[in-house]
1. Pull up all non-local amide H partners of Cys150: gap of 5 or more, or a different chain, and H-to-H distance under 5 Å with H placed in the peptide plane.
2. Loop only per DSSP, at most 13 neighbouring Cβ atoms within 10 Å: give me the trypsin sites (Lys or Arg not before Pro) in the stretch 1-84, ordered by residue number.
3. log10 I(q)/I(0), Debye, Cα-only the chain, no solvent, q = 0.10, 0.13, 0.14, 0.20 Å⁻¹?
4. Say the dipole of the chain comes from +1 at the beta carbon of Lys and Arg and -1 at that of Asp and Glu; which of Ala103, Gly134, Leu53 then lies farthest toward its positive end?
5. Find the relative contact order for the chain and round it to a whole percent, using C-alpha pairs within less than 8 Å whose residues are 6+ positions apart.
6. Spelling out what I want: for every residue of the stretch 83-95, take phi, set θ = phi - 60°, compute 6.51 cos²θ - 1.76 cosθ + 1.60 (Karplus), and round to whole Hz; glycine and proline get x.
7. Going by C-beta contacts inside 10 Å, put Ser123, Ser146 in order with the fewest on the left.
8. Under a point-charge model restricted to the Cβ atoms of Lys and Arg (+1) and Asp and Glu (-1), what is the dipole moment magnitude of the stretch 1-123 relative to its Cα centre, in debye to the nearest 20?
Amino acid sequence: MTKPAISSDQSVTSAALRGAMGQYLTGVTIVTVTGPDNVPYGLTVNSFNSVSLTPPLILWSLDNRNDNLALFKGARGFAVNILSADQLDLCKVFSGAENNRFANCDWHFGSYGQPLLAESLVSLECRPWAKYDGGDHTIFVGEVMSIKQCDGKPAAFYNGKLGQYDGG
Ligand SMILES: Cc1cc2nc3c(=O)[nH]c(=O)nc-3n(C[C@H](O)[C@H](O)[C@H](O)COP(=O)(O)O)c2cc1C
């Protein structure tokens, strides 16, 4: 059924855009970074996407209100961990009020010094390529330096709900 159009002569509210973008099914990632004294930080992110194959570039965006914006802006790199359906609990931990998000998960530093979450479908270690102003977010483009992969079904996010992609 066709829904009423929302056009720019009306105001495109945050709620309208959020609702519309909720119809775009994505995977789920946890983007991690190594802070001062080697303390890891990470958050759940679904704004991740590929950009370029040559050079190998990816992007994601971070809310400018995030307390760790400066950490990402100054970091030597970051990692994108693409979650499997078996890691849906991590998605909640890394987007919630839990103080020590890394306490109950298996992780290690990768070859480029970034925190990699064990059993992720894919972990990409990236070095900074570019940062862009993206309205109330900052867009980070990273050059992929290493790729680590595991078998499994992907986590999925659609219409505000977490689930899994079964294929077919
Ligand atoms: C499925 C999902 C996707 C998210 N994607 C993003 C994103 O792309 N960028 C972002 O800044 N926050 C995103 N968030 C919200 C952050 O995970 C959340 O605000 C963050 O963990 C807060 O971290 P803090 O408590 O350290 O400030 C997402 C949350 C969920 C549940």
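Read-outs: derived from the displayed coordinates by stated rules, not from any lab. This is a predicted model, so every value here is computed, not measured. All Cβ positions, even for glycine, are placed from backbone atoms using ideal geometry, and neighbour counts span all protein chains on display.
1. Under 5 Å from the amide H of Cys150: Val122.
2. Counting only loop positions with at most 13 other Cβ atoms within 10 Å, the trypsin sites (Lys or Arg not before Pro) in the stretch 1-84 are Arg65, Arg76.
3. Rounded to two decimals, the profile gives -0.39, -0.66, -0.76, -1.43.
4. Gly134
5. Once normalised by length, the contact order is 26 percent.
6. 7, 8, 5, 7, 10, 4, 4, 5, 4, 6, 4, 8, 10
7. Ser146, Ser123
8. Once rounded to the nearest 20, the dipole reads 320 debye.
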